[in-house]
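Reviewing the structure listed below.
Coordinate-derived values only; no laboratory data. Source: prediction; values computed, not measured. Here Cβ is always computed from backbone atoms with ideal geometry, including for glycine, and neighbour counts include all displayed protein chains.
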Amino acid sequence: MTIYTPTWLYIKQHTATGLKYFGKTKQDPYKYNGSGVYWNNHLKKHGYNIETIWCKLFDNKKELIEFAINFSEKNKIVESSEWANLMLENGETGGDTGISQQGCKQISESKKGKPRPQTVIDAVSMPKTYMHKQNISRSKSRTWNIVDTVNGNTIITSELKLWCLEHKINYQMILRFAGTHKQYKNFLINNVS
């Protein structure tokens with residue numbers, strides 16, 4: 001049997017911009033700033049001038065979850081530009097981290113129509129050097145030879161990222177093992193071109 005730790009639900013509001021954030025914490029809600037990605041980017045840009053405008057401690061997990069979901073849906077915290085939340089608060093999962101592919105999709109969809117944080121705009125619009133452009137071009141045109149060491153099947157693909165998603169394999173780890181003649185999760189990966 002697991003012991004339930006009392007959890008706070010809270011609403012934070014930025015005093016200069018008026019943006020709000022609905023979240024949960026087991027810490028002191030007056031000292032805790034919140035963990036949402038969009039919310040934290042907003043704080044970095046506009047300063048940490050925030051106030052806790054509402055909070056409530058829940059001793060019952062079921063009541064916490066029910067309240068959090070109902071509040072999230074009623075106030076449209078994902079859809080509304082008044083809120084920094086990128087996903088519904090359910091009282092259980094941590095901040096705005098997309099854990100699954102579905103979670104990533106949900107976050108991506110919820111970002112549509114919301115202004116991008118300036119830090120992201122600056123990074124995307126940063127001028128690229130000639131070498132940077134060449135490296136991007138080269139990485140997109142690679143062909144990969146993938147050998148399944150269990151059944152001996154060989155696959156040749158230029159869409160390694162897609163292949164990794166389909167097989168639930170970490171793309172970064174595959175790149176790390178590529179060309180080393182070491183296998184990762186029963187696969188040998190080599191760059192053909």
If each of E166 and K31 carries a label point 7 Å out from its Cα toward its Cβ, how far apart are those two points in nm? 5.1 nm
Is the stretch 141-191 best put as rounded, prolate or oblate by its Cα gyration tensor, with a ≥ b ≥ c the root eigenvalues, rounded for a/c under 1.5, and otherwise prolate when a/b is larger than b/c, oblate when not? rounded
Amide H to amide H under 5 Å from W83: which residues, 5+ apart in sequence or cross-chain, H placed 1.01 Å off N in plane? K20
Pairs to check: K76/K161; K161/K185; K26/K112; K74/K112; K56/K112. Give those whose C-alpha atoms are more than 24 Å from each other in this structure. K76/K161; K26/K112; K56/K112
